[in-house]
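Here the structure comes first, spelled out in structure tokens, and everything after it is commentary.
The values are calculated or read from the model by the stated rules, or taken from the named source; none is laboratory data. Everything numeric in this text was worked out from a predicted model, so none of it was measured. Note that we place each Cβ from the backbone using ideal geometry, even for glycine, and neighbour counts take in every protein chain shown.
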Amino acid sequence: MRIPLGQSAAVGRTFINLNPAITRTILRTVEAGWALAKGGPAVHPAADEVAMTEMLRDAMRKALHVHNLPWRKTMIVAPGSESRSQPGMTAPDGRTDIPLYLTRVYARSGEHDPHAIIECKRVAAGDAHLAREYVVEGIDRFRTGKYSENHARGFMVGYVLSGTPNAVINGINSYLTGRRRLADRLELPKAAGMPGWVSQHARAEPSNSVELHHAMLVV
């Protein structure tokens with residue numbers, strides 16, 4: 001696990017910069033969990049987003065042990081919880097869908113807040129409203145620092161209700177292009193063996209930019 005030393009852009013908080021191997025590990029756990037959750041009673045195109053997220057969380061926990069994944073004793077898949085984007089706040093201003101804790105990060109930094117956050121949204125090919133929600137209520141929560149303000153990387157899940165993942169990605173990118181946000185478009189990752197899609201988003205100074213990893217899960 002790579003955690004840069006010295007003061008981070010997120011003053012007063014440990015800056016968490018997960019390396020590519022840990023990033024792949026998180027995405028693989030999402031995929032393994034979805035393979036177990038898919039077809040369950042709360043996983044279908046008409047299902048509530050919250051219900052599907054609960055099923056995914058439970059299945060990710062189960063997958064760690066069913067598949068005897070080597071990181072099963074170092075990753076904690078936690079319940080969704082209220083969160084504060086800034087350490088000085090006295091009241092929560094957000095709610096995370098699936099927070100993750102990594103024992104190696106805690107051992108090195110003592111950081112009690114989530115070490116990675118997964119935000120989940122419903123998406124569908126040709127549905128401009130859901131594409132907008134994925135950006136405005138998903139991507140932009142990371143971009144503005146509402147989520148993962150002290151993280152170099154964040155994670156998003158799209159529950160694909162209809163069409164293909166590629167068609168959904170094209171719809172999201174069309175929304176971003178229409179708003180002249182070309183730099184925010186989702187692309188295939190350049191890192192070898194990295195699943196899904198990746199996007200880069202600038203944040204207001206002095207914060208660092210955030211890299212988002214996107215997993216599209218067909219319902």
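Which ones in the range 69-97 are among the basic types (Lys, Arg), at pLDDT 95 or above and surrounded by 12 or more Cβ atoms within 10 Å (Cβ to Cβ)? I'd like the intermediate steps shown before the answer.
In the first step, residues of the range 69-97 are kept if they are among the basic types (Lys, Arg); the result is 72-73, 84, 95.
With at pLDDT 95 or above added as a condition, the list becomes 72-73.
The answer is ARG72, and nothing else.
Going through the range 131-147 one residue at a time, which ones are closer than 13 Å to ILE172 by Cα, of a type outside the set (Gly, Ala, Ser) and in contact with a helix residue (DSSP H, G or I) (Cβ under 8 Å, 6 or more places away or on another chain)?
Those that are closer than 13 Å to ILE172 by Cα, of a type outside the set (Gly, Ala, Ser) and in contact with a helix residue (DSSP H, G or I) (Cβ under 8 Å, 6 or more places away or on another chain): ARG132, TYR134, VAL135, ILE139.
Please find, within the range 103-123, the residue that is farthest from GLN200 (Cα to Cα) out of those that are assigned to a loop (DSSP other than H, G, I, E, B) and touching a residue at least 60 places away in the same chain (Cβ under 8 Å).
GLY110
Just one of VAL136, VAL160 is farther than 30 Å from THR14 by Cβ and among the hydrophobic types (A, V, I, L, M, F, W, C); which is it? Before you say what the answer is, go through the steps one by one.
On the way: VAL136 fails: farther than 30 Å from THR14 by Cβ.
The match here is VAL160.
I need every pair where a residue in the range 53-68 that is in contact (Cβ under 8 Å) with a residue 60 or more places away in the chain has its Cβ under 8 Å from the Cβ of a residue that is small (Gly, Ala, Ser) and assigned to a helix (DSSP H, G or I), sequence separation at least 6 or different chains.
LEU56/GLY33; LEU56/ALA37
I need a count of the residues in the range 157-180 that are in a loop (DSSP other than H, G, I, E, B), in contact (Cβ under 8 Å) with a residue 12 or more places away in the chain and either farther than 24 Å from THR53 by Cα or touching a Leu at 6+ places or on another chain (Cβ under 9 Å) (or both). Full working, then the answer.
Just the residues of the range 157-180 that are in a loop (DSSP other than H, G, I, E, B), to begin with: 161-164, 179-180.
Those still in the list that are in contact (Cβ under 8 Å) with a residue 12 or more places away in the chain too: 161-164.
Of the ones still in play, those that are also either farther than 24 Å from THR53 by Cα or touching a Leu at 6+ places or on another chain (Cβ under 9 Å) (or both) are 161.
The qualifying residues number 1.
Considering each residue of the range 12-41, count those that are part of a loop (DSSP other than H, G, I, E, B) and surrounded by fewer than 15 Cβ atoms within 10 Å (Cβ to Cβ), and give that number. Before the answer, list the steps.
Taking the range 12-41 as the starting set, the residues that turn out to be part of a loop (DSSP other than H, G, I, E, B) are 12-15, 17-19, 38-41.
Filter once more, keeping what is surrounded by fewer than 15 Cβ atoms within 10 Å (Cβ to Cβ): 12, 19, 39, 41.
The qualifying residues number 4.
What number of residues in the range 133-151 are aliphatic (A, V, I, L, M) and either assigned to a strand (DSSP E or B) or closer than 14 Å to HIS115 by Cα (or both)?
Residues in the range 133-151 being aliphatic (A, V, I, L, M) and either assigned to a strand (DSSP E or B) or closer than 14 Å to HIS115 by Cα (or both): 0 in total.
Looking at LEU64, LEU100, which is the one that is at pLDDT 95 or above, outside any helix (DSSP H, G or I) and not small (Gly, Ala, Ser)?
LEU100 is the lone residue from the list that is at pLDDT 95 or above, outside any helix (DSSP H, G or I) and not small (Gly, Ala, Ser).
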